[in-house]
Amino acid sequence: MFAADNASRALGIAVVDLSAGTAMTTMTVGETMVNGHGITHGGYVFLLADTTFALACNSRGDAAVAARGDIRFLRATRAGDVLTATAVERERFGRNGLYDVTVRRGDEVIAEFRGDSRTVPPPVPS
């Protein structure tokens, strides 16, 4: 799935670890990722968390998509900061899953994300 994720790969998101129900990624904040206040645009932090969530909820081989995603921004970051996101599966039930993602700069928590997933049928080859 990540190999076909052009948006995430274009931002330099790298997969550090991937196992059943968990994922870890990193991204360096670039100059084009900061807003008018000189801090990282929240959309990029959300995208990092969402990508990590997607990796975790697809890690068991089932095709899954986001049903909901919610983020709390706790601290600002700036160009040059390296962000690390870690996703953990909290629960799977039927076709649904619940995941938490923590985004850090070093040991400092930057944001907390929670996502709900839903498995979907695999695409039909054309």
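The H on the amide N of residue 83, modeled in the peptide plane, is under 5 Å from the matching H of 27, 28, 29, each at least 5 residues off or on a different chain.
Measuring nothing but how far apart in sequence close Cα pairs (under 8 Å, 6+ apart) lie, relative to its length, the chain scores a relative contact order of 26 percent. Compared with the dominant principal axis of the Cα atoms in the chain, helix 42-57 is inclined by about 30°. Put simply, when 41-54, 96-109, 1-14 are sorted by average Cβ atoms within 10 angstrom per residue, most first, you get 41-54, 96-109, 1-14.
Add -39500 (n - 2.57) for each DSSP H run of 4 or more in the chain, then divide by its residues: what number comes out at 222 nm, to the nearest 500 deg cm²/dmol?
Using -39500 (n - 2.57) per qualifying helix, the result is -5000 deg cm²/dmol.
As a fraction of the 1.4 Å probe accessible area of the chain, surface on carbon and sulfur atoms comes out at 53 percent.
Roughly how many Å² is the accessible area per residue of segment 2-119, as a whole number, for a 1.4 Å probe? Please report the intermediate quantities before stating the final value.
Numbers: 5980 Å² over 118 residues.
Dividing the accessible area of segment 2-119 by its residue count gives 51 Å².
For residue 76, project a label point 7 Å along Cα to C-beta. Then give me every residue of segment 36-54 with its amide nitrogen under 14 Å of that point. Of the residues in segment 36-54, 36-42 have backbone N under 14 Å from the label point off residue 76.
Label separation (residue 20 vs residue 100): 2.2 nm, computed from points 7 Å beyond Cα along the C-beta direction.
The candidate values were [x] 12.9, 37; [y] 19.3, 74; [z] 14.5, 46; the one computed from these coordinates for Rg and Dmax of the Cα atoms in Å carries the label [z].
The values are calculated or read from the model by the stated rules, or taken from the named source; none is laboratory data. Note that the coordinates shown come from a computational prediction; the quantities given were computed from them, not determined experimentally. Backbone-built Cβ (ideal geometry, glycine too); neighbour counts: all protein chains shown. Ligands, DNA and RNA are excluded from the accessible area calculation, which covers all protein heavy atoms including side chains. Shrake-Rupley method; radii C 1.70, N 1.55, O 1.52, S 1.80 Å.
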